[in-house]
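The values are calculated or read from the model by the stated rules, or taken from the named source; none is laboratory data. These numbers come from a predicted model, not from an experiment. All Cβ positions, glycine included, derive from the backbone under ideal geometry; neighbour counts span all protein chains shown.
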Amino acid sequence: MMKEALQMQNIATDIQTDSSEVGYAFDQSEFWRTIPAWRDVDAETFGDFRWQQQNSVTSVPAIQEALGELASPALIADIEAGLLKTPMNVRLTPYIFSRINWENVETDPVHRQFLPLGSQFIPDHPNAMDDSLDEDGHKATPFLTHRYPDKALFLPITLCPVYCSFCTRSRVVGGSTAVKSKSTYGAKTSEWDSTFEYIRRNPQLEDIVISGGDALLLRPNQILHIGKTLLEIPTVRRIRFATKGVAIMPMKFTSDTEWMDALSGVCQLGRARMKEVALHTHFNTDREITAWTAAAMKALSSTGVRVRNQSVLISGVNDSFGCLHRTTKKLSSQLIQPYYIYLHDMVPGCEHLRTTVHTAENLSRRLQGSVAGFNTPRVVCDAPGGGGKREISSYTLYDREIGVSAWTSPTAKPGEMFFYYDPIQCLPSGGSRLWLNKAEITKRLAKFKAEATAKAEATRV
Ligand SMILES: *Cc1c(COP(=O)(O)O)cnc(C)c1O
Ligand code: SF4
């Protein structure tokens, strides 16, 4: 009774904290001026996408140069050590760089997303995979992953304006690093025809996701070319451009008029044909939301594009109800519809950023009912091995002690079973000890898989 009352009180406090921000006063300050190198940069300069591109921070010396006296030698050494272990290169826009609280980097949720510290790394899970979602295994053309019956994923570019430590496509996005060589590619219009032709020849494809990499780096004529070509295919009903831009370079949407004209043109064409044109963006915390976001959304709204958000659930970044709830409410207030929160994929080099199915399920339970239904993000596990996105509570079986869950995928992969593994450092001590004993864990996993298979058989619909 007592415990329940306390829990209720916690919920009430969380919600109270949020409603004190009912006016949604976003940061309007010139926050970038706390970065020594940008002390004298005025709002007009900071608000120009070209300045943001040209001043992006892409190396350790550039970090040092920007921070000056704010960069302690120990911090720089820790970042350098991190870069020897990560599959992702360094790239931050000045906007996102100055959302980091540089006085307290160890616990900063923005820093944690973009700049890995050597001291934070832990070994990968033995079952981590470069291509955790088996996107390459489902390739219909060199640029198109076709996993689901009526939707497909087009990857015209593998460059981004920022590089995230947790990127699910670290195998190809953003160029080689000390530990990973990759064949990153830029946008080449002439190479896309076979992909468009495939979509034309597969009339069941109604939804096309244009991702990467990041659509923000597609040139205006490429946005128009892709948008027009796809919308002119009679059987394509909806397209979405995926870009982290709104979260990391909101000034693109207020200062790159050519790019915005191209997007507007595609939206107009969509409206004329009763087809949906959407932009899917990627905020993970409300620290990324400022007055610049509001200005970007005002500009985007006038094009008629529908904007949705997809987050990754990241340990130490947004794995609390308070953060997810605040982010959900603030995004909704800006006409950004919270769409998905992904359980972190099982990719290498970011084990310290993953969390468990159990945590994700609890967060999902608390989010439900806390905001309007249509603004409630769906917490999903993209089942490793290509099972596709599955509701977090829809696993067939879950052994929390050794952190393994079994998933079926009756539509994308009927008859198959997929397994997600929680990070070993988050398991109860008995469970993490079992992973140290190869024979024991193999036996326990075999038993789990047999039980899961039997249960899936018994409950097949
Ligand atoms: C996520 C994804 C899609 C789109 O799925 P939605 O659930 O409609 O967002 C399509 N193809 C692939 C391969 C995907 O990973
Ligand atoms: S913006 Fe997206 S594709 Fe690019 S590095 Fe980040 S997660 Fe990966």
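Counting only helices (runs of 4 or more DSSP H) that sit wholly inside segment 30-134, those with at least 2 residues that are β-branched (V, I, T) and outside the structural domain of D286 (by TED's automatic domain parsing) are 60-67, 73-83. Within segment 320-336, residues that are within 13 Å of I289 (Cα to Cα) and hydroxyl-bearing (S, T, Y) reach partners that are surrounded by fewer than 21 Cβ atoms within 10 Å (Cβ to Cβ) and at pLDDT below 95 with beta carbons closer than 6 Å, at six or more positions or on different chains, in the pairs S333/Y24.
Could you tell me which residue of segment 139-182 is surrounded by the fewest Cβ atoms within 10 Å (Cβ to Cβ), considering only residues that are part of a loop (DSSP other than H, G, I, E, B), near ligand 1 (Cβ under 10 Å from one of its atoms) and modelled with pLDDT of 95 or more?
Out of the qualifying residues, it is D150.
For T235, the conditions (1) within 16 Å of ligand 2 (Cβ to nearest atom); (2) free of Cβ contacts under 8 Å to residues at least 40 places away in the same chain; (3) touching a Pro at 6+ places or on another chain (Cβ under 9 Å) all hold with the exception of (1). Go through (1) more than 15 Å from ligand 1 (Cβ to nearest atom); (2) in contact (Cβ under 8 Å) with a residue 40 or more places away in the chain one by one and return the number of the condition A74 breaks. Looking at each condition in turn, A74 falls short on (2). Here W32 clears all of (1) within 25 Å of the chain's Cα centre (by Cα); (2) within 23 Å of D256 (Cβ to Cβ); (3) without any contact (Cβ under 8 Å) to a residue 60 or more places away in the chain; (4) surrounded by 16 or more Cβ atoms within 10 Å (Cβ to Cβ) except the condition numbered (3). Selection of segment 175-210 for residues being closer than 13 Å to L155 by Cβ and either over 26 Å from the mean Cα position of the chain (by Cα) or not assigned by TED's automatic domain parsing to the domain that holds G227 (or both) yields only E191. Screening A247, A278, A272, A242 for residues that are surrounded by 17 or more Cβ atoms within 10 Å (Cβ to Cβ) and away from ligand 1 (no atom under 16 Å from the Cβ) leaves exactly one candidate, A247.
Of the residues in segment 284-294, at least one is assigned to a strand (DSSP E or B) and in contact (Cβ under 8 Å) with a residue 24 or more places away in the chain.
Restricting to segment 414-461, and then to whatever is among the hydroxyl-bearing types (S, T, Y) and not in a helix (DSSP H, G or I), can you tell me which residue is surrounded by the fewest Cβ atoms within 10 Å (Cβ to Cβ)? That would be T459. Screening the candidates Y185, Y95 for the property of being aromatic (F, W, Y), at pLDDT below 95 and closer than 23 Å to L218 by Cβ yields one hit, Y185.
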